[in-house]
Amino acid sequence: MPSQAQKHVTHNEALQKLDVLVQTVVEAFDATDPPAAPTDGATWALGAAPTGDWSHNAHNLATWTNGAWLFTALQQSFTAVEQGGAELMIWDGTTWNPSEISELSNLNGLGVNTTHDSTNRLSVSAPATLLTHEGAGHQVKINKATVADTASLLFQTDWSGRAEMGTTGTDDFSIKVSPDGLAWTTGLHFDTNTGIPNAPEGLLVEGAITGTAVTQSATDATSGRLLKVGDGGALAGAVQLSGSENLHERDLGCGNYVAIAATTGGLAETTSHWHSLMLTNRENGFLSGFAIRNAANPASQKCWFGTGGTASNAVVWTELWHHANTTVDTNGFLKEASPIIRVSQNGIEEPAEPLNARFSRIGVGQYQISNVPPLAQHGWQIEVPQDANGNRIVFVAVSYDVGARVLNVTTSEVVWDAGWVAGRAKDIPESRWVDLRFSPLPETIE
């Protein structure tokens, strides 16, 4: 007012009020007892029943200034924060409550360092976006209205989709990729009912596959497990068997094994021979597979296939005939073989395991084979070529010199003189031969 005395008094009091009411910071809400040594400028929001110097000033702001208390009555919608706090409180006329600023609710959109649009109503442009907990866990929730809708995370390059993960058009979870944002390929798909993953395009695994999905040992025969290299002898060194249990008692899975004959069980073999085993099937108590005798000498090599009946019975093995233990004679018949030499008029043909024999033609129908053992003591010895009617084409006679290890062979015409006898000397016909079966070579134990 004009000519007002001490105008500065009124002005200073107004400044004190502004200090209290603008961006109010209080030491405490609903305070009751005044402090013993308050700091100048400090303010308290008083409760319903303050004491001491605060008596009769319920629900006021009490400010210590210039050595006295300045009281300001609370008005509805006053706001304040507590010293050191971050939460804005508002006075509703009765109590202090956390502020709900209506201007930040039901916004049309929000852009942080960028603009939003009608689709991307929340847009953030920043090197990173942080969502963290406030003392426990934290969830990011993407909710869709119906099963046929989409709830997903989309990864883009220059605003063109390259990868997407979520539930798109179904409640099954899938991960898919795209080279151009137009054509999409599903890499993994998880059934929402079973959780079983499906890789429609296949699966490339460059690391190890471990756990109970793969075999756990060389004898693991659990159904449905993947076979690891080395288990069951697959693509690795064969598993060596020992002990006296037969193959059923070992509960072996399919694979490759090596064992002595006694361990193999059921083979009419000496226990000194080693055998390679390939077990191919185990079902309903039956075990089947192959056994091969390991021998450097082809004539000593043998092969069997076998099956077993029950867990208590040994596998029954059946020997296979092959080129090392059979021969086709000059007349086309298959015969059991030990070392066999085919003699023609111009030379010899050695067996698979050579005897290192030497051949000489002495004259018509006269041949000499040296460095050979005697002819076989059991079974057949000589097979003579025959004509279409089964008649011998030549008569064959032999003599063996034990000391020189020489077999002399003579072939002649066949004549009848109260029996078939040798006639004039005659060479073995062209394209025919005489089979000579010798005693087996001493076996080398393998």
Q. Quick one: which strands (runs of 3 or more DSSP E) sit completely within region 314-423 and have at least 2 residues that are within 30 Å of Phe286 (Cα to Cα) and modelled with pLDDT under 85?
A. 316-320
Q | Qualifying residue in region 206-218 (condition: surrounded by fewer than 12 Cβ atoms within 10 Å (Cβ to Cβ), modelled with pLDDT of 90 or more and among the charged types (D, E, K, R)) | A | yes
**Q.** Pair list, Cβ < 6 Å and 6+ apart or interchain, from region 50-73 residues that are within 19 Å of Ile90 (Cβ to Cβ) to residues that are surrounded by 15 or more Cβ atoms within 10 Å (Cβ to Cβ) and among the charged types (D, E, K, R)
**A.** none
Q. How many residues does region 297-307 hold that are modelled with pLDDT under 70 and hydrophobic (A, V, I, L, M, F, W, C)?
A. 1
Q) Would you pick out the residues in region 272-287 that are surrounded by fewer than 17 Cβ atoms within 10 Å (Cβ to Cβ), small (Gly, Ala, Ser) and either assigned to a strand (DSSP E or B) or at pLDDT 80 or above (or both)? A) none
Q.
What pairs come out if I take residues in region 382-404 that are surrounded by fewer than 12 Cβ atoms within 10 Å (Cβ to Cβ) and pair them with residues that are of a type in the set (Ser, Thr, Tyr) whose C-beta lies under 8 Å away, six or more apart or interchain?
A. Ala404/Ser370
Q: Would you mind stating whether Thr310 is of a type in the set (Val, Ile, Thr), assigned by TED's automatic domain parsing to the domain that holds Ala262 and either at pLDDT below 75 or not in a strand (DSSP E or B) (or both)?
A: yes
Q. Which one is nearest to the chain's Cα centre (by Cα) among residues in region 43-80 that are surrounded by fewer than 16 Cβ atoms within 10 Å (Cβ to Cβ) and of a type in the set (A, V, I, L, M)?
A. Ala48
Q: Identify, from the list Val409, Val364, Val372, the residue that is closer than 29 Å to Ala295 by Cα and either of a type in the set (Val, Ile, Thr) or in contact with a Pro (Cβ under 9 Å, 6 or more places away or on another chain) (or both).
A: Val372
Q) Looking at region 78-179, what strands (runs of 3 or more DSSP E) fall wholly within it and have at least 1 residues that are without any contact (Cβ under 8 Å) to a residue 24 or more places away in the chain? A) 89-91, 96-98, 110-112, 122-124, 150-157, 160-168, 173-177
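The values are calculated or read from the model by the stated rules, or taken from the named source; none is laboratory data. Please read these numbers as outputs of a predicted model, since none were measured by experiment. Neighbour counts run over all protein chains shown; Cβ positions are idealised from the backbone, glycine included.
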